[in-house]
Amino acid sequence: MTAAIATMGSTEKPLARRRTRTANRRLLPWLYLSPVIATFIVWIYWPLIDAFRLSFYQWDMLPTSPIVPVGWTNYINIFSLPKFWQALGNTGWYIAGLLPLAVALPLAIAIFTADLPPRARMVYRGIIFVPMIVAPVVAAAIWRWLLDPGHGMVNMMMRDFGFRPLRFLQDPNLALWTIVVLTGWKLIGFSTLILSAANANINPSLIEAARMDGASKWEIIRDIRLPLLSSTVLFLVMMTILLGAQWSFSYINVLTGGGPLGSSTNIYYVLWDFGFSSLSVGWSSAAAVILFLGFGALAFVLFRLIDKVSFHDN
Amino acid sequence: MTTDALALPRRARRASSASGWLKGFDLAGGHVVMALLSLFCLFPVYWMIVTSLRPANKVFERSLWPTAASLDNYTYALNAIPIGQMLVNTLIVAAIVTVVQLITGLLAAYAFARWRFPFDKLVHVLIALTWLVPLQVVMIPNYLLIANAGLLDSLTALILPHFASALAVLMLLQAMRSFPNEVLEAARMDGAGSWRVLWEVVTPNLRGTIASLAILIFISTWNEYFWPLLLTRTPEHSVIQIGIQMFMTSEGTQWGPLMAASTLASLPIFILYIVLQQQVVSSFMKSGIR
Amino acid sequence: MNRRTLLSAGVSLALGALALPAFAFAGDIPAKVEAPVTISYYNYNLATAGIGGEATKKLIAEFEAANPNIKVNGVGVTSAEISTRVQADVAAGRGPDVAQMVFSDFDFMVHNLGAVALEDIIPTAELKAHFEGISPKGLALGVYEGKTYGLAYTFSTPVLFYNADLFRKAGLDPENPPKTWAEVKVAAKAIVDKAGAEGIATGIFGPSAGDWLFQGLIRSNGASVLSKDRKTLTFASAEGIEAVSMLQDLYKSGVYSNLDISAAMDAMAAGTVGMYLQTSAVQGYLVKGAKGNFELRASTMPRFGDKPVRPNNSGSALVIMSHDPVKQRAAWELMKFMTSKHAYTVITSQIGYLPLRTDIVNDPQYLGEWVKDHPLIQPNLQQLAVLEPWESFPGANYRQIVKTMMDGAEQAVFGGGDPAKAMKDAQANAQKLMPAAMN
């Protein structure tokens, strides 16, 4: 593929006939795009399109089994799962819980630590980025080990300080929030880095000018830093809303399986549990369609919103 | 907005001595906050390493460092599964995926950066939208495709679906757009074809972005779990994340060996990170995905 | 490059491979494997790094040494994924030749995955000779619609493990563990009040629990999950609700809590729980934890009042999936070896499951000595005599039916609402997923 483009590129110049040139021009961008487009069509978009069709059938993937048309049954089955609605609500809670950890706290940290000496800043940033590079499987294993109600480090420490041990992953009132914190653990470094970068990019003369005018530190934050950081913040908010459910997935899968009582499940896990993991093509296709359309619509609204806000900003 | 900021009401200047004191307080506060956060971020990893170094019968101990360090758990883990082979496999997959994604990403980003063409916006959006399609959604058809191509239980199968990523395209495009146009124009004036401009002018100037992107791709491929879980059949053709999972069984978790295997699986990434830390963090700061 | 052609090509290939021997008759397979052949064997013990995996590898090596013409390609898949993996690979046209299948997938395996009935391919005399000495209850587990599709392999029964030290501390007699659920409640209460530990934990609920313990629980109260004609779900019958309400009562009185499987197992191993109802397969892990820490004992599953306890098995059977006569012969040889007296000695003593062949238990050449040293196996052996099959649900949605049923039961026990309502709702929802409703 790359070889084809290479020849294309090099032959372009010598055969500089006007006609071939315009034809080439028209083709050229597509040639450059072709590896990416081919990959995405084969591995993502074709399966997605096929999922639309298969979501109206019942099939267990086996070539010997019939592919039975069932109308809207797969969708009805999914929507009538009590867990589906519970999961939808939980997804909202996950996002609500992740926003402070993935956006607000990192924002505060980024601003707060901007004045630290550069060396210390580098060290801290180096450390808080570490969770980001830990594999999800490893992270889940470590946290299960730390949070074990019997001999987990966290509960033993709590006992030492005279608190009752908590069942972080087994208590229906806690499980979701525990997973929120674990997901936040992974994200906090990433968000802080991005926000620090944006914060460092703010023209220092603006701040200096304001300071000369006698603006307090808080006023500078409120009137200069926050507005200038708003597009980065919006980006992170959008990431959290759109991808928050995915980020929590591996923790839910390894640590709670959505339980107890479905308290820690989210939309993504429920559809995985009833659809993809059981290899029923109808269920999982319908689930894929629901996920794609749902998050696609959400993404559309968010992009629109951001467009509006950032237009206003400039 | 900027004019707003400049038009702040004038205030009486604060006493300089008070502000110095305040500054010191802020600084100390900043250190405390960051130290606590660092502890939160680092302790679990530290605990993994400490647990892995405890002797087999002292795994449940909780002294902050292993009282009698032992490599029992490592010996056990290394004997139980072919960790060395798995690490090599993971390395091969992650390295190839990184290189390929960078190349396809550069090509696609260049197409967007250099030309306007019909449907360019649409294609751009469709590429960005793949971010919203998690692997699990397309897992079953992709599995059948791999299986029918006879690629089950091979490293090729782990690489193929990762030939392109939205992240690479979008990040490189972002970087190319901020690339000074005059340089491109000058190159074009020299009669350099688009192919040469890409590799001789654009790419060398994107070194920082490419480096940080390479690290991101490498790490995320290294850490991947679901796709290999579906496709590999034998430990010898498997990757390290699958190996870790083999110590968490329904007949009880072997915490010591699990932590040892996890440490081994993380070590290459940690080393890479320590060596390139400056690069990772600072290129993040520079490119600042916004 | 065209995905559709690729797909359909693959599908027709797979069709060709599968559709051939719809009806094969006894005696069709060769008496011996004459030329070298390789068979694939999916096994979930191989997916774990530990004693189970090691013992299985050793058994395979011994088999290969004894049968030089047969090479076994062992593939490890975790128990939670083995049925979907087999399904995926059969769909891809490269299913296993022999698989260790979980019993709850039996219906699907027989009707959809093309499992082979032993009676259809093995000469009757040979079959009979091999079945000699196998416990009749154990043999019955693999029988489906009148034919033997699998031989119970690594299987076990529900055992009530208990911490004898906590029993003594609570003023209970460890020689007389509770026999009924009412006694369990009394004992658990004493453990909570006097020994300051958890009363009882079970492996009934949780993401990886499946429904096997739950089935045994409600069956022991006279309920069943499925009607005789396999068309109607019946787990929300009066008896079923009563059984679940009993657990709810345990929960409400503060002696039973909802721990997930691994947390419960860890808690029992750490000595912080009085009683623990779970498969005997976790015995090895518990014994390790108890060593030098507390005295671990075991009893049979509790019953309801005077009703007899009717546990079902957990675990797996070996099933022949191949449709090629030579490979079927090779698979059968492997299956015979893996269910031999020797293999069961290894499986019972090293991996911790039940011996399908009860005659080896007292035979000093096999398990005799080991059983004397390991009294914990006794309740497991006793229950083998009353073991009933683990019901598998029919139709394409059988996995979703199990999930819906277990979600409902969990809600009934821990959800704080009316157990009858939770159970009936779940049954109504699940009934819609049964095959009859689809037509």
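The values are calculated or read from the model by the stated rules, or taken from the named source; none is laboratory data. Only a predicted model underlies this, so the values are computations on that prediction, with no experimental measurement involved. In this analysis, Cβ positions are derived from the backbone assuming ideal geometry, glycine residues included, and neighbour counts consider all displayed protein chains.
Given the criteria surrounded by 15 or more Cβ atoms within 10 Å (Cβ to Cβ), more than 8 Å from every other protein chain (Cβ to nearest Cβ) and in contact with a Leu (Cβ under 9 Å, 6 or more places away or on another chain), does A:Ala102 qualify? Taking the combined requirement at face value, the residue satisfies it. Going by the conditions given, is C:Val282 modelled with pLDDT of 90 or more and crowded, with 21+ Cβ neighbours inside 10 Å? In short, no. Under the condition of being outside any helix (DSSP H, G or I) and farther than 17 Å from B:Pro228 by Cα, the residues counted in segment B:127-160 number 1.
Filtering segment B:97-119 to residues that are at pLDDT below 95 and surrounded by fewer than 23 Cβ atoms within 10 Å (Cβ to Cβ) leaves B:Ala113, B:Arg114, B:Trp115, B:Arg116, B:Phe117, B:Pro118, B:Phe119. Of all residues in segment A:152-174, those that are more than 11 Å from every other protein chain (Cβ to nearest Cβ) and of a type outside the set (Val, Ile, Thr) have Cβ atoms under 9 Å from Cβ atoms of residues that are surrounded by fewer than 16 Cβ atoms within 10 Å (Cβ to Cβ) and outside any loop (DSSP other than H, G, I, E, B), 6 or more apart or on another chain, in A:Phe163/A:Met157; A:Arg164/A:Met158; A:Leu166/A:Met158.
Does B:Ala94 satisfy being modelled with pLDDT of 90 or more, of a type in the set (Gly, Ala, Ser) and either crowded, with 18+ Cβ neighbours inside 10 Å or more than 26 Å from C:Ala290 (Cα to Cα) (or both)? Explain how you work it out, then say what you get.
Numbers: modelled with pLDDT of 90 or more: yes; of a type in the set (Gly, Ala, Ser): yes; either crowded, with 18+ Cβ neighbours inside 10 Å or more than 26 Å from C:Ala290 (Cα to Cα) (or both): yes.
Spelling it out, B:Ala94 is indeed modelled with pLDDT of 90 or more, of a type in the set (Gly, Ala, Ser) and either crowded, with 18+ Cβ neighbours inside 10 Å or more than 26 Å from C:Ala290 (Cα to Cα) (or both).
A search for C-beta distances below 8 Å between a residue of segment C:281-299 that is at the interface with another protein chain (Cβ under 8 Å from one of its Cβ atoms) and any residue that is aromatic (Phe, Trp, Tyr) and part of a helix (DSSP H, G or I), counting only pairs 6+ apart in sequence or on different chains, returns nothing. The single condition among (1) facing another protein chain (nearest Cβ under 8 Å); (2) over 26 Å from the mean Cα position of the chain (by Cα); (3) closer than 30 Å to A:Leu146 by Cα that B:Gly193 does not satisfy is (3).
Using the structure shown, decide if B:Gly256 is crowded, with 23+ Cβ neighbours inside 10 Å, part of a helix (DSSP H, G or I) and modelled with pLDDT under 90. Show your work before the answer.
Working: crowded, with 23+ Cβ neighbours inside 10 Å: yes; part of a helix (DSSP H, G or I): yes; modelled with pLDDT under 90: yes.
Here the answer is yes, as B:Gly256 does meet what is asked.
When segment B:198-234 is limited to residues that are touching a residue at least 60 places away in the same chain (Cβ under 8 Å) and over 24 Å from the mean Cα position of the chain (by Cα), the one that is surrounded by the fewest Cβ atoms within 10 Å (Cβ to Cβ) turns out to be B:Thr234. Looking only at segment A:126-139, decide whether some residue is surrounded by fewer than 22 Cβ atoms within 10 Å (Cβ to Cβ), more than 9 Å from chain B (Cβ to nearest Cβ) and modelled with pLDDT under 90. Looking through segment A:126-139, none of the residues is surrounded by fewer than 22 Cβ atoms within 10 Å (Cβ to Cβ), more than 9 Å from chain B (Cβ to nearest Cβ) and modelled with pLDDT under 90.
Restricting the search to segment A:218-227, which residues are more than 7 Å from chain B (Cβ to nearest Cβ) and either crowded, with 16+ Cβ neighbours inside 10 Å or more than 19 Å from A:Leu107 (Cβ to Cβ) (or both)? Can you show your working first?
If we filter segment A:218-227 for residues that are more than 7 Å from chain B (Cβ to nearest Cβ), which is where we start, we get A:218, A:220-222, A:225-226.
If the condition is that a residue be more than 7 Å from chain B (Cβ to nearest Cβ) and either crowded, with 16+ Cβ neighbours inside 10 Å or more than 19 Å from A:Leu107 (Cβ to Cβ) (or both), then A:Ile220, A:Ile221, A:Arg225 are the ones that fit.
Quick check on my filter: what residues within segment B:140-154 are surrounded by 20 or more Cβ atoms within 10 Å (Cβ to Cβ) and either under 22 Å from the mean Cα position of the chain (by Cα) or not aliphatic (A, V, I, L, M) (or both)?
Taking segment B:140-154 first, the residues surrounded by 20 or more Cβ atoms within 10 Å (Cβ to Cβ) are B:140-148.
The answer is B:Pro141, B:Asn142, B:Tyr143, B:Asn148.
Scanning segment A:35-50 turns up no residue that is more than 8 Å from every other protein chain (Cβ to nearest Cβ), under 21 Å from C:Gln431 (Cα atoms) and either part of a helix (DSSP H, G or I) or in contact (Cβ under 8 Å) with a residue 60 or more places away in the chain (or both).
Inspect all residues belonging to segment C:63-73 and state whether any of them is in contact with a strand residue (DSSP E or B) (Cβ under 6 Å, 6 or more places away or on another chain), surrounded by fewer than 22 Cβ atoms within 10 Å (Cβ to Cβ) and within 11 Å of another protein chain (Cβ to nearest Cβ). Yes - at least one qualifying residue is present in segment C:63-73. When C:Leu160, C:Leu151, C:Leu166, C:Leu213 are checked against the criterion of being in contact with a His (Cβ under 9 Å, 6 or more places away or on another chain) and either touching a residue at least 12 places away in the same chain (Cβ under 8 Å) or not assigned by TED's automatic domain parsing to the domain that holds C:Pro375 (or both), C:Leu151 stands alone in meeting it. Residue under question is C:Tyr366, and the condition is that it be touching a helix residue (DSSP H, G or I) at 6+ places or on another chain (Cβ under 8 Å), in a helix (DSSP H, G or I), crowded, with 21+ Cβ neighbours inside 10 Å and more than 14 Å from chain A (Cβ to nearest Cβ); does it hold? No: the conditions fail for C:Tyr366. Check whether at least one residue in segment C:214-236 is of a type in the set (Val, Ile, Thr) and within 18 Å of C:Ser280 (Cβ to Cβ), and report yes or no. Looking through segment C:214-236, none of the residues is of a type in the set (Val, Ile, Thr) and within 18 Å of C:Ser280 (Cβ to Cβ). Looking across segment A:193-213 at every residue that is within 9 Å of chain B (Cβ to nearest Cβ) and touching a Lys or Arg at 6+ places or on another chain (Cβ under 7 Å), the one that is surrounded by the fewest Cβ atoms within 10 Å (Cβ to Cβ) is identified as A:Asp213. When A:Arg144 is tested against the conditions (1) assigned to a helix (DSSP H, G or I); (2) more than 8 Å from every other protein chain (Cβ to nearest Cβ); (3) surrounded by 19 or more Cβ atoms within 10 Å (Cβ to Cβ), the lone failure is (2).
Got a sec? Which helices (runs of 4 or more DSSP H) wholly within segment A:195-314 have at least 1 residues that are closer than 28 Å to C:Gly415 by Cβ? Quick ask: steps written out before the conclusion?
Details: elements: A:204-212, A:217-220, A:226-251, A:267-274, A:281-313.
The helices (runs of 4 or more DSSP H) meeting that bar are A:226-251, A:267-274, A:281-313.
Here B:Ala164 qualifies as away from chain C (no Cβ under 14 Å), within 18 Å of the chain's Cα centre (by Cα), within 29 Å of A:Gly294 (Cα to Cα) and not acidic (Asp, Glu).
Restricting attention to segment B:101-140, which residues are among the β-branched types (Val, Ile, Thr) and at the interface with chain A (Cβ under 7 Å from one of its Cβ atoms)? Matches in segment B:101-140: B:Ile103, B:Thr104, B:Val123, B:Ile127, B:Thr130, B:Val133, B:Val137, B:Val138, B:Ile140. The number of residues in segment A:107-125 that are under 19 Å from B:Leu39 (Cβ atoms) and modelled with pLDDT of 90 or more comes to 0. Of everything in segment B:161-197 that is free of Cβ contacts under 8 Å to residues at least 12 places away in the same chain and in a helix (DSSP H, G or I), the residue that is nearest to B:Gln101 (Cα to Cα) is B:Trp195.
Among the conditions (1) touching a residue at least 24 places away in the same chain (Cβ under 8 Å); (2) of a type outside the set (Lys, Arg); (3) on the phi < 0 side of the Ramachandran plot, the only one that B:Leu132 does not satisfy is (1).
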